[in-house]
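The values are calculated or read from the model by the stated rules, or taken from the named source; none is laboratory data. Since this is a predicted model, take the numbers as computed values, not measurements. So basically every Cβ, Gly included, is an ideal-geometry build from the backbone, and we count neighbours across all protein chains shown. Note: areas computed on protein heavy atoms with side chains; ligands, DNA, RNA excluded. Shrake-Rupley method; radii C 1.70, N 1.55, O 1.52, S 1.80 Å.
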Amino acid sequence: MKLHEYQSKQIFSRYGIPIPKGKVATTASEAKQIAEELGGRVVIKSQVLVGGRGKAGGIKVAKDPAEAELFAAQILSMEIKGLPVRKVLVDEAAAIEQEIYLGITNDRAEKKPVIMASAAGGVEIEDVARTNPEKIIKVHVNPLLGIKDYQTRDIAAGIDLPRENWKSFGEILKALWQVYNDNDATLAEINPLIIGKDKRLVALDGKMLIDDNALFRHPELAEMRDTDEDAPSEVEARKYGLTFIKLDGNIGCMVNGAGLAMASMDILKFFGGEPANFLDIGGGAGADKVSAAMRIILGDPNVKAILFNIFGGITRCDEVAKGILIAMAEVKPKVPMVVRLVGTNAEEGRAMLANANMITAETLADAAQKAVAAAKGA
Ligand code: GDP
Ligand code: MN
């Protein structure tokens, strides 16, 4: 799950990382009012869950409240990489001397978190990573030990940070580590961490990604989710505890188990089909989950056929059949449906679906071919 800049910076601030004073606005007049409260120059920052806002024109420095209102109006009517801007952060503008990059993420190959830092921070960091990778230094963290003083000094020296900023840099880096660790983040990033004209370090931007699988123990973070920018079908799926990802094909897939779902998609592709979604109803799904899943799949106008591939283990095939029947009564699907039920209570399940006007299949290969043919209108 992605957090907005303002959310990430609020968390940073709670851990003692210095951030600019600022507030979120949803209208231009609100932005003007905040600018008046802050006094002086402000920066108007689009809050959308994509990178590169600066380059897209979504970050503008305003010299007074009137200009803040104007820029906020412009930015609030923008779309950045397809996402409408609904909020802006109005921050006190900073006078920048240098922009530093500082981030912590997982290094899967090393099986450890890694700190990345560069003296060449700011909007060009991706180019730096590509053309001058040696300008980004990397230091791994032992998660049991956390960050040690010698590491913060190594990094400060490695990015040629002025001596006077080392102490503050060390504190910020340790705080960023706590942010990362405490919140089950997969990324905690400050770009830029600036040295201001006043020589102080300030986190001007903030970005956090939270591990979705850890959200159950962070209800306060889960609440921060901005569902505005997710596909509505994915929001609905989350509500029912379904693992769902919308794709561009035309064969809806309802499968139990992530591995089986992947295999089902592979085999559909093998026979020339294109899956419309990844959907794992999970183990032991009851009829309510199944019918919700079916409504979500059928809500996609691209779907021309549905493949049900259910391996009954913990999940009972008769429960799945019941869900399918409930959903059929509700939504009256017009697309052909291919069903393969194997395992626990498969007989009962098949008997329940016998009069439901479904195409039945024995093997996965058979089911996939029938679904591909059905989607092609054969
Ligand atoms: P991003 O493009 O989405 O990463 O957005 P950032 O918040 O990082 O802003 C992009 C760039 O805008 C920064 O690298 C700065 O150069 C500039 N910027 C952001 N805030 C300020 C500010 O308060 N004052 C000045 N002078 N520049 C700013
Ligand atoms: Mn940035």
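For the reader, a short list of remarks on this structure follows.
- Label-to-label distance for Lys148 and Met262 is 3.7 nm, based on points extended 7 Å past Cα in the beta-carbon direction.
- Burial ranking of peptide ranges 78-88, 179-189, 290-300 (average Cβ count within 10 Å, highest at the top): 290-300, 179-189, 78-88
- Modelled FRET efficiency - R0 41 Å, Ala329 with Ala56, Cβ distances, 0.05 increments: 0.30
- Accessible-area value, Leu145, 1.4 Å probe, nucleic acids and ligands omitted, Å²: 110 Å²
- Antiparallel DSSP beta bridges within the chain, as percent of all bridges there, nearest 5: 75 percent
- Remark: the chain carries 48 Å² of accessible area per residue (probe radius 1.4 Å; ligands, DNA and RNA excluded).
- Size of electric dipole in the chain: Cβ of Lys, Arg +1 and of Asp, Glu -1, about Cα centre, debye, nearest 20: 160 debye
- The stretch between Glu37 and Met78, if pulled fully straight at 0.36 nm per residue, gains 12.3 nm over its current Cα-Cα span.
- For the range 347-356, Karplus couplings with θ = phi - 60° (6.51, -1.76, 1.60), whole Hz, Gly/Pro x: 4, 4, x, 4, 4, 5, 8, 4, 9, 8
- The phi-based Karplus calculation (6.51 cos²θ - 1.76 cosθ + 1.60; θ = phi - 60°) puts the 3J(HN,Hα) values of the range 318-325 at 5, 5, 5, 4, 4, x, 4, 5 Hz, whole numbers, x for Gly and Pro.
- When the listed pairs Lys138/Lys207; Lys207/Lys289; Lys63/Lys207; Lys32/Lys207 are checked against a 30 Å cut-off, the alpha-carbon distance exceeds it for Lys207/Lys289.
- Across every direction, the projection of the convex hull enclosing the Cα atoms of the chain has a mean area of 21.8 nm².
- Mean Cβ count within 10 Å, highest first, over the residues of peptides 170-176, 136-142: 170-176, 136-142
- When a 1.4 Å probe is rolled over the protein heavy atoms, the share of accessible surface on the range 86-157 that falls to carbon and sulfur comes to 50 percent.
- Entry note, the chain: relative contact order of 13 percent, from Cα contacts under 8 Å with a spacing of 6+ residues.
- Note on the range 231-377: with neighbouring protein chains present and a 1.4 Å probe, carbon and sulfur make up 57 percent of its accessible heavy-atom surface.
- Residue-wise HN-Hα couplings along the range 331-337, as the Karplus relation 6.51 cos²θ - 1.76 cosθ + 1.60 with θ = phi - 60° gives them from phi, are 9, 6, x, 9, 8, x, 10 Hz; Gly and Pro carry x.
- Ellipticity estimate at 222 nm from DSSP helix runs (n ≥ 4, -39,500 (n - 2.57)) divided over the chain, nearest 500: -11000 deg cm²/dmol
- Cα-based convex hull, the range 21-92, per residue volume (Å³, whole number): 66 Å³
- Dipole of the chain computed with +1 at Lys/Arg Cβ and -1 at Asp/Glu Cβ about the Cα centre; of Ala56, Asn165, Ala351, farthest Cα towards the positive end is Ala351.
- Förster radius 45 Å - calculated FRET efficiency between Ser13 and Asp248 (Cβ-Cβ, nearest 0.05): 0.65
- Solvent-accessible area of Val339, all protein chains in place: 10 Å² (probe radius 1.4 Å, heavy atoms, ligands and nucleic acids excluded).
- Accessible-area rank, largest first, for Asp211, Asp226: Asp211, Asp226, with all protein chains present and a 1.4 angstrom probe.
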